[in-house]
Amino acid sequence: MESIKGIYRIGNGPSSSHTMAPRKAALEFLERNPGASRYEVTLFGSLAATGKGHFTDKAILDVLEPEAPTLIHWKPDVFLPFHPNGMQFDSYYGDAGKPRESWRIYSIGGGSLANEETAAEPPVMIYRMSTIAEIQAWCEKTGCSYWEYVEQCEGPEIWDYLDRVWAVMQEGIRRGLETEGVLPGGLGVRRKAGDYYIRSKGYSEAMRSRGLVYAYALATSEENAAGGEIVTAPTCGSSGVMPAVLFHLQQTRDFIKPRMLRALATAGLFGNVVKHNASVSGAEVGCQGEVGVACAMAAAASCQLFGGTPAQIEYAAEMGLEHHLGLTCDPICGLVQIPCIERNAYAAARALDSNIYATYSDGKHRVSFDQVVEVMRQTGHDLPSLYKETAEGGLAKDYTARS
């Protein structure tokens, strides 16, 4: 497997696949084609279907238009075989009728880019083991924890990276709690994080605890929807789950920073296994690959913080993903707002419940995390495209019909 840095990418929302990756692709194409007289960009499939709601055009134009006029073509009905999120960049010089370079690239989830050429090249693999079963067996044999396997593979420099990740997560929550107003996009969705935070203070301990978790998840998700700086975990659309759970536990249990970073490492490992063996792209497998994986990551992190064994941590993560199987990606108007923001808050609470359930057990159970990952992969492939980030089915279609 590759580095867990690919799971935790720092950038601006609202979508890792539709905003961060297209911007990254535009920067790379510009570097290869400076001084062009004009650029043309064609968006395909899911990227075109919900690109306007995800600000895909803005992400690309912000990079290319300062250099030369840029035209964007939208082809939502054309699904290229490599991946549903396809892009083609063309550069023109002078009066030439043909592009000097045509580059087709795909946003494969979590802000990552790939195409047929890069897929043929062996990526930099720093993890020898790529299933949780293998890693768990290693933990039980050596007495080490999941985070120690991360450190062994990544090197000590991973802690500086995760320190930055943790800082950005906390900053996003604080900004989200303090900011009020209506989110951009035209749906008229008001920010609710601050209201939830204030109201939680008036409840008894159990209700207050749950209300704070909701508030923290809403804070990050609303920042993401507004294009603020967040961390993919594993995607922008699911970026509210991990920060909410970890920030709440740090605030209520006063865990020291090294323990928080170790929890991030463990969560990143579980997310990495899913990304390697299945997908974290909503356009490829639906929201089970985004919020479902985020819930599994947060469940694993919280179980570790509470002293769970490797088996209990695996069980917590397995439940977090298992109970999101089949979850569709059907954002209304293509915006990462409804049902995405609310879904992050609900998944954060479910992650904490998965931790509690697992710590009551001895960690033994029938269905493994790796098996659920494979089922998630197959389920995602079986889902029709209208339920995978195209805004053509589910809640998105029903909302359009009623409005």
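Residues in segment 86-101 that are of a type in the set (D, E, K, R) and assigned to a strand (DSSP E or B): how many? Let's see the steps before the verdict.
Just the residues of segment 86-101 that are of a type in the set (D, E, K, R), to begin with: 90, 95, 98, 100-101.
Restricting the remaining residues to those that are assigned to a strand (DSSP E or B) gives 90, 101.
So the count comes out to 2.
Which pairs do you get when a residue that is at negative phi, found in segment 140-165, comes within reach of a residue that is part of a helix (DSSP H, G or I) and aromatic (Phe, Trp, Tyr), reach meaning Cβ atoms under 7 angstrom, with the pair 6+ apart or on two chains?
Filtered contacts from segment 140-165: Tyr149/Trp138.
Could we say that Lys58 is closer than 16 Å to Ala283 by Cβ and basic (Lys, Arg) here? Spell out how you get there, then give the answer.
Details: closer than 16 Å to Ala283 by Cβ: no; basic (Lys, Arg): yes.
So Lys58 does not fit the description; no.
Sort out for me the helices (runs of 4 or more DSSP H) sitting completely within segment 231-288 that have 3 or more residues that are within 29 Å of Ala206 (Cα to Cα) and open to solvent by 10 Å² or more (accessible area, probe 1.4 Å).
Details: elements: 241-253, 257-277, 282-285.
Ranges flagged: 241-253, 257-277.
Please go through (1) within 19 Å of Val231 (Cα to Cα); (2) open to solvent by 20 Å² or more (accessible area, probe 1.4 Å) for Gly172 and return the number of the only condition it doesn't satisfy.
(2)
If a residue has to be free of Cβ contacts under 8 Å to residues at least 12 places away in the same chain and hydrophobic (A, V, I, L, M, F, W, C) to count, how many in segment 340-385 make the cut?
1
Restricting attention to segment 4-35, which residues are of a type in the set (A, V, I, L, M) and open to solvent by less than 10 Å² (accessible area, probe 1.4 Å)?
Ile4, Ile7, Ala21, Ala25, Ala26
Tell me, which helices (runs of 4 or more DSSP H) wholly within segment 323-403 include 2 or more residues that are among the β-branched types (Val, Ile, Thr) and open to solvent by less than 20 Å² (accessible area, probe 1.4 Å)? Spell out the reasoning first.
On the way: elements: 340-360, 369-382, 394-402.
Of the helices (runs of 4 or more DSSP H) lying wholly inside segment 323-403, those with at least 2 residues that are among the β-branched types (Val, Ile, Thr) and open to solvent by less than 20 Å² (accessible area, probe 1.4 Å) span 369-382.
If you scan segment 91-133, which residues turn out to be polar (S, T, N, Q) and touching a residue at least 12 places away in the same chain (Cβ under 8 Å)? Spell out the reasoning first.
First, pick out the residues of segment 91-133 that are polar (S, T, N, Q): 91, 102, 107, 112, 115, 118, 130-131.
Residues satisfying the conditions are Ser91, Ser102, Ser107, Ser112, Asn115, Ser130, Thr131.
Looking at (1) touching a residue at least 12 places away in the same chain (Cβ under 8 Å); (2) under 17 Å from Pro34 (Cβ atoms); (3) not in a helix (DSSP H, G or I), find the lone condition where Ile72 falls short.
(2)
Return the residues of segment 91-111 that are under 26 Å from Gly334 (Cα atoms), in contact with a strand residue (DSSP E or B) (Cβ under 9 Å, 6 or more places away or on another chain) and open to solvent by less than 10 Å² (accessible area, probe 1.4 Å); say none if nothing qualifies.
The first filter runs over segment 91-111 and keeps only residues under 26 Å from Gly334 (Cα atoms), leaving 103-111.
Applying the additional criterion that residues be in contact with a strand residue (DSSP E or B) (Cβ under 9 Å, 6 or more places away or on another chain) yields 103-108, 111.
Ile105, Tyr106, Ser107, Gly111, listed by residue number.
Yes or no: Ser102 under 30 Å from Ile60 (Cβ atoms) and at pLDDT below 95?
Details: under 30 Å from Ile60 (Cβ atoms): yes; at pLDDT below 95: no.
In short, no.
Given the conditions (1) assigned to a loop (DSSP other than H, G, I, E, B); (2) open to solvent by 30 Å² or more (accessible area, probe 1.4 Å), which single one is not true for His83?
That leaves (2) as the condition not met.
The values are calculated or read from the model by the stated rules, or taken from the named source; none is laboratory data. This structure is a prediction, so every number in the text was calculated from the model and none was measured. All Cβ positions, even for glycine, are placed from backbone atoms using ideal geometry, and neighbour counts span all protein chains on display. Quick note on the areas: whole protein, heavy atoms, side chains included, nothing else; ligands and nucleic acids left out. Shrake-Rupley method; radii C 1.70, N 1.55, O 1.52, S 1.80 Å.
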